[in-house]
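**Q** Below is a structure I'd like to ask you about.
Taken together, the values in this text are just the output of simple stated rules run on the coordinates, not laboratory data. Remember, it's a predicted structure, so these values are computed and weren't measured experimentally. With ideal geometry, Cβ positions are generated from the backbone for all residues, glycine too; neighbour counts draw on all protein chains shown.
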Amino acid sequence: MAGQDRDLPYRRRDLIDTRRPKRRRSRSASPTPVPVKMARAFHGESATRKPPDYALHRHSPGDAELRRLVDGHRIPNSIFDRLEARWIELKDEASRNAREASKSAARGLEIGKRCNQIHDLKAEIDKKAGVIRTLQERIGEAGKLREEKSDLEEFIETQSQLIDIGTSALRDQRMKVGRLEGEVRELRSKNSELETEVGSLQDIVDQLGEADGEELVGLALEAQARRTLNMVQGLQREVAEKDAREGRRVGEVASLEMQVLEKGRRATAAEQKQLEQARFIEELKKERNGARTRAEEAENIAEEEGKLIKRLLDLE
C-alpha cells in the first residue's frame with residue numbers, strides 16, 4: 001500500500017488521517033480532525049463549511065481499479081475527482097505506451113524479418129555473383145577454345161591448300177612427263193622413219209651410181225617424190241598428234257573445270273590453273289597452226305620441185 005501511495009500525484013498522509021480518532025474529551029469546538037482542517041485551508045475552503053461526504057465516491061461511477069485501491073479510505077470527492085482524472089490520464093498514457101511498445105515490438109520483429117530477408121538476399125546475390133563469375137570464366141575459356149578452333153581451321157585450310165597446290169603441281173609434272181614421253185616416242189618414230197628414209201635414199205644413190213640417162217631421172221624423181229611423201233606424211237602425223245594432244249588437253253581442261261566447279265572455295269587457284277591451261281592450249285594451237293603452215297610449205301616445195309623436174313625432162 002505504501003508503494004502505491006508513492007505513485008499517487010498527491011501525498012495522502014498530509015491530507016488524510018488514517019488513524020482512528022480516540023474517544024476523548026476535547027476542548028475543540030469542531031469535531032473535524034485537524035488534518036481535514038488543514039486540507040480545507042490548503043484548498044481555500046472555509047473552516048465552518050460542512051464536511052464532505054466521504055462515502056459518495058463509493059457509489060458514484062468511475063474507475064473501478066482506483067476505487068478498489070482507495071476503498072476504505074476517507075477521501076474528499078473533489079480530491080478524488082482530480083485523483084481519478086489523473087489516474088485515468090496515467091492509465092491512458094500507460095496504454096498508449098503499451099500500444100507504442102507493442103507497435104515497436106512488432107516493428108522490431110518486422111525489421112528482424114526484413115533483416116533476415118536482406119541477409120538471405122545478400123547470400124543469394126553472392127551465390128549468383130559466384131555463378132556469374134564461373135560463367136564468365138567458362139565464357140572466357142570458350143572464347144579461347146573458339147580462337148584455337150579458328151586457328152586450327154585456318155591451319156588446316158592452309159595445309160589443304162598447300163596439299164592441293166602440291167597435288168596440282170604433281171599432276172602437272174606427270175602431264176609434262178607424259179608429254180615428254182610422247183614426244184620421245186614421236187622422236188624415236190621419226191628417227192626410225194629417217195633411218196628408213198636414209199636407207200632408201202642410200203639405195204637410190206647406189207642405183208643412181210649404176211644408172212644413167214632416163215633411168216637416172218626416173219630414180220631422182222622417185223626419190224624426190226618419196227622424200228616429199230615422207231615429209232608430208234610426217235607433218236600429217238605431227239598435226240594429228242598435236243590434234244590428239246590438244247583433244248586430250250581439252251578433256252583435261254574440262255575435267256579441271258568440273259573440279260573447279262565442285263570445289264568452289266578453291267576458285268582462285270583453279271582460275272589460275274585454267275588460265276595456264278588456256279595459255280597452254282593457245283600454245284598448242286599455235287604449234288598446230290605452225291605445223292599446218294609447214295606442211296603447206298612442204299607441199300608447195302614438192303610442187304615446185306615436180307615442176308622443175310618436168311622442165312628438166314622437157315629440156316632433155
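**Q** Quick check on the exposure proxy: order Ser200, Ser78 from fewest to most C-beta atoms within 10 angstrom. Write out the running numbers ahead of the final one.
**A** Details: Ser200 15, Ser78 12.
With the sparsest Cβ surroundings first, the list reads Ser78, Ser200.
**Q** Among Lys286, Lys190, Lys242, which comes first, second and so on when ranked by fewest other beta-carbon atoms within 10 Å? Intermediate results must be reported in sequence, preceding the final value.
**A** Details: Lys286 10, Lys190 14, Lys242 18.
Least to most surrounded, the residues fall as Lys286, Lys190, Lys242.
**Q** Net charge near Asn116, counting Lys/Arg +1 and Asp/Glu -1 over other residues with Cβ under 12 Å of its Cβ?
**A** Working: positive: Lys113, Arg114, Lys122; negative: Glu110, Asp120.
Here the charged neighbours net out to +1.
**Q** A further question on this structure: Taking other Cβ within 10 Å of each residue's Cβ, how do Phe280, Phe80 sort, fewest first? Don't skip to the answer; put the middle values down first.
**A** Working: Phe280 17, Phe80 22.
Sorted ascending by nearby Cβ count, the order is Phe280, Phe80.
**Q** Follow-up. Taking K and R as +1 and D and E as -1, what net charge do the other residues with C-beta under 12 Å from the C-beta of Phe155 add up to?
**A** -4
**Q** Next up: Can you list the HN-Hα couplings for region 146-154, worked out from phi with the Karplus curve (6.51, -1.76, 1.60; θ = phi - 60°), rounded to whole Hz and with x for Gly and Pro?
**A** Ordered by residue, 3J(HN,Hα) equals 5, 4, 4, 5, 5, 4, 5, 5, 5 Hz.
**Q** Separate question: Subtracting the Cα-Cα distance from 0.36 nm times the residue separation, let me have the gained length for Asp243 to Glu299 in nm, one decimal. Don't skip to the end; give the middle numbers.
**A** Values: separation 56, 0.36 × 56 = 20.16 nm, distance 1.99 nm.
The span from Asp243 to Glu299 would gain 18.2 nm if fully extended.
**Q** Continuing with this model, one more query. Spelling out what I want: for every residue of region 239-244, take phi, set θ = phi - 60°, compute 6.51 cos²θ - 1.76 cosθ + 1.60 (Karplus), and round to whole Hz; glycine and proline get x.
**A** My calculation for region 239-244 gives 5, 5, 5, 5, 5, 5 Hz in order.
**Q** Can you compute 3J(HN,Hα) from phi for each residue in region 194-200, using the Karplus curve 6.51 cos²θ - 1.76 cosθ + 1.60 with θ = phi - 60°, rounded to whole Hz and x for Gly and Pro?
**A** 5, 4, 4, 5, 4, x, 5
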